[in-house]
Amino acid sequence: MHDITLLTVPVFSTLCNAAFALRREVFVIEQQIPEAEEFDADDLTATHLVAIAAGNVVGTLRIIWTPEHVKLGRVVVAQLWRGQGISTRLLRHAMALARDKGESRFYLTAQHDKLAVYEKLGFVAFGEPFDDGSGILHLKMKTY
């Protein structure tokens with residue numbers, strides 16, 4: 001098991017660009033999500049986290065700060081690094097950063113086959129499953 005380093009990185013920095021490349025690799029190429037839906041204006045103002053192992057960005061997520069809640073999203077781990085708890089570590093780190101700023105309400109939309117990852121962190125699904133336009137069923141989730 002490699003050491004994993006978690007960092008907050010500025011948008012369009014070298015590490016954030018590597019995170020965008022990873023998102024493109026997984027969401028656009030692997031999962032066939034249209035590129036125009038993957039990257040949006042929220043990327044410009046979001047807080048971006050990366051997981052680095054063996055000198056490479058192997059995971060990422062973004063945090064969007066809203067008055068209602070902290071929205072976590074675009075959680076992705078490189079294929080060769082999946083199953084090692086990297087997404088859980090990124091999520092815990094993001095939630096800790098938000099709690100340090102006094103935030104306690106979290107929201108996300110999860111791909112239906114990833115619900116267990118989020119449930120372990122206290123998220124509860126609500127509403128009906130929906131297709132976000134990618135052809136992949138999602139569920140809204142929040143913490144209480």
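The values are calculated or read from the model by the stated rules, or taken from the named source; none is laboratory data. Every value quoted in this text rests on a predicted model; they were computed, and no experiment measured them. Positions of Cβ are backbone-derived with ideal geometry, glycine not excepted, and every protein chain shown enters the neighbour counts. What goes into the accessible areas is simple: the full protein's heavy atoms, side chains included, and nothing from ligands, DNA or RNA. Shrake-Rupley method; radii C 1.70, N 1.55, O 1.52, S 1.80 Å.
Numbers at a glance
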read-out: Flag for D3 being among the charged types (D, E, K, R) and over 20 Å from G85 (Cα atoms); value: no
read-out: Odd one out for I64 among (1) free of Cβ contacts under 8 Å to residues at least 24 places away in the same chain; (2) more than 23 Å from L139 (Cα to Cα); (3) part of a strand (DSSP E or B); value: (2)
read-out: Tally of residues being over 11 Å from the mean Cα position of the chain (by Cα), open to solvent by 10 Å² or more (accessible area, probe 1.4 Å), under 20 Å from R24 (Cα atoms) and of a type outside the set (D, E, K, R) across segment 48-82; value: 8
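Okay, residues lined up against (1) among the aliphatic types (A, V, I, L, M); (2) in contact (Cβ under 8 Å) with a residue 12 or more places away in the chain; (3) under 19 Å from L139 (Cβ atoms):
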residue	(1), (2), (3)
N17	no, no, no
I29	yes, no, no
P34	no, yes, no
V70	yes, yes, yes
G73	no, yes, yes
G83	no, no, no
D113	no, no, yes
